[in-house]
Amino acid sequence: MKIVRTDKELELPLVDRKLEAKGHELVLLPEGISEELLLEEVRDCDLLLMCYTMISKKVIEASSNLKAIIKYGVGIDAIDITAANNKGVVVVNVPEYAEETVAEGAFAMLLALTKKIPSIHHQMSSYAWAWPTQRWLGQDVSGKTLGIIGCGKIGSSMARMAGLGFNAKVIGYDPYKSRDELAEKGIVKVEALNTLLEESDFISLHAVLTNETHHMLGREELAKIKKTAIIINTARGALIDEEELLQALEGVALDVFSDEPLNQEFHPLKKLYTMENVLLFPHLSFYTNEAMERLETETLDRCEEIFENRPVLIKSKDPRLQQQSHLNTVYISDERL
């Protein structure tokens with residue numbers, strides 16, 4: 001088979017080695033490749049592996065042999081799933097490989113900001129010492145209120161770390177989870193987003209990006225948050241109106257951005273680089289040895305299903321992937337339902 005893998009900057013040595021060892025033609029394409037060049041490579045390929053690159057209707061419809069698009073990651077917003085399904089092309093992602101990993105990353109960011117680790121480290125690097133003045137005064141997590149927006153597996157893991165591990169009160173906003181479901185995870189359910197925003201000392205976003213959640217934290221919502229609050233976003237950048245965020249909070253840690261990658265010259269959020277109360281991460285909270293091993297293994301499992309003409313396993317609860325049940329080439333797992 002001819003297999004195209006985009007976003008080669010995200011290294012998958014096990015995947016690449018195993019695919020080539022099986023005799024497949026593997027074409028690696030860089031992040032940012034033009035639609036025209038991508039179209040030419042996909043035109044006669046059998047399998048498309050992607051992570052960040054936009055897979056448009058035009059690209060999909062130009063393909064003649066394409067059997068599946070495998071997102072080696074979670075988010076599927078870059079894929080025109082309707083166009084794929086109309087052409088009989090299965091779309092599948094790898095939804096579970098980094099759930100605990102991302103929660104650890106989010107909690108690490110929270111600890112780093114509450115203890116002012118980035119700014120104190122910068123002070124030490126520049127001046128070799130810092131005296132205990134008000135500028136460096138941190139805060140405890142214990143006894144504070146952490147608000148979780150989106151209480152799926154990642155949000156629930158974050159809640160466990162803060163509640164059981166650090167004795168914080170954890171409240172959660174998730175319209176799709178019952179009070180009892182959240183209580184089992186140590187989370188007190190709040191019915192209104194504004195209630196969570198007003199009561200929380202720390203806010204961590206773990207919601208899926210949809211039309212309903214786009215800019216769910218806008219000017220009005222951000223105005224309700226305590227001026228001393230810290231907000232953590234390891235989910236999707238567009239959950240927050242980022243321009244409003246620049247003016248809103250005492251502390252913010254971001255691993256995701258609406259427009260990636262960042263740069264220090266003309267990016268709309270370049271001001272973040274000069275702010276002391278900010279911690280920036282380049283969309284790498286998922287990136288650990290263990291998570292990448294799981295990602296590569298699952299990606300190869302999905303590839304094998306294509307090679308052997310078996311139904312492709314859909315583990316995601318995302319309705320855009322679940323609705324592919326009409327295709328006889330997929331198997332919808334009920335493990336997460």
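Quick look at the numbers
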read-out: Loop-located chymotrypsin sites (Phe, Trp or Tyr not before Pro) in the range 119-177 whose Cβ has at most 11 other Cβ within 10 Å (DSSP); value: Trp129, Tyr176
read-out: Angle between the chain longest axis and helix 99-114 axis [Cα atoms, degrees, rounded to 10]; value: 30
read-out: Volume of the Cα convex hull of the range 1-72, divided per residue and given in Å³; value: 72
read-out: Spread of Cα-to-Cα distances over 5 Å intervals beginning at zero, given as percent, for the range 254-337; value: 3, 11, 14, 13, 14, 11, 11, 9, 8, 4, 1
read-out: Highest-MSF residue in the chain out of Pro132, Pro175, Pro261 [GNM, Cα springs under 10 Å]; value: Pro132
read-out: Residue-level accessible surface for His122, protein heavy atoms, 1.4 Å, Å²; value: 120
read-out: Computed Rg/Rh of the range 92-173, alpha carbon atoms with Kirkwood Rh; value: 1.10
read-out: 1.4 Å probe accessible area per residue over the range 121-186, in Å²; value: 63
read-out: Using alpha-carbon coordinates, inclination of helix 289-307 to the longest axis of the chain, degrees; value: 20
read-out: Cubic angstrom per residue, convex hull over Cα atoms of the range 1-154; value: 169
read-out: Using distinct alpha-carbon pairs, which all enter the 1/r mean, Kirkwood radius of the range 191-336 in Å; value: 17.9
read-out: Within the accessible area of the chain (1.4 Å probe), percent carbon and sulfur; value: 51
read-out: Alpha-carbon spread of the chain, three principal axes, descending order, Å; value: 64, 49, 34
read-out: Selection of trypsin sites (Lys or Arg not before Pro), the range 247-337, meeting DSSP coil and at most 16 other Cβ within 10 Å; value: Lys317, Arg336
read-out: Area accessible to solvent at Phe107, 1.4 Å probe radius, in Å²; value: 10
read-out: Over the chain, relative contact order from alpha-carbon pairs under 8 Å, at least 6 apart, %; value: 14
read-out: Exposure of Asp241 as accessible area (Å², to 10), given a probe of 1.4 Å and all protein chains; value: 40
read-out: Accessible area expressed per residue, the range 234-337, with surrounding protein chains retained (probe 1.4 Å, Å²); value: 54
read-out: Accessible heavy-atom area order of Ser204, Ser325, Ser56, highest first, probe of 1.4 Å; value: Ser325, Ser56, Ser204
read-out: Among the listed pairs Lys144/Lys315; Lys8/Lys67; Lys115/Lys227; Lys189/Lys317; Lys18/Lys87; Lys8/Lys57, those beyond 26 Å (Cα-Cα); value: Lys144/Lys315; Lys18/Lys87
read-out: Theoretical ellipticity at 222 nm over the chain - DSSP helices of four or more residues, -39500 (n - 2.57) apiece, nearest 500; value: -9000 deg cm²/dmol
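The values are calculated or read from the model by the stated rules, or taken from the named source; none is laboratory data. Computed from a predicted structure; not experimentally measured. Glycine gets a Cβ as well: all are built from the backbone with ideal geometry, and neighbour counts include every protein chain shown. Remember, those area values only see protein heavy atoms, side chains included, never the ligands or the DNA or RNA. Shrake-Rupley method; radii C 1.70, N 1.55, O 1.52, S 1.80 Å.
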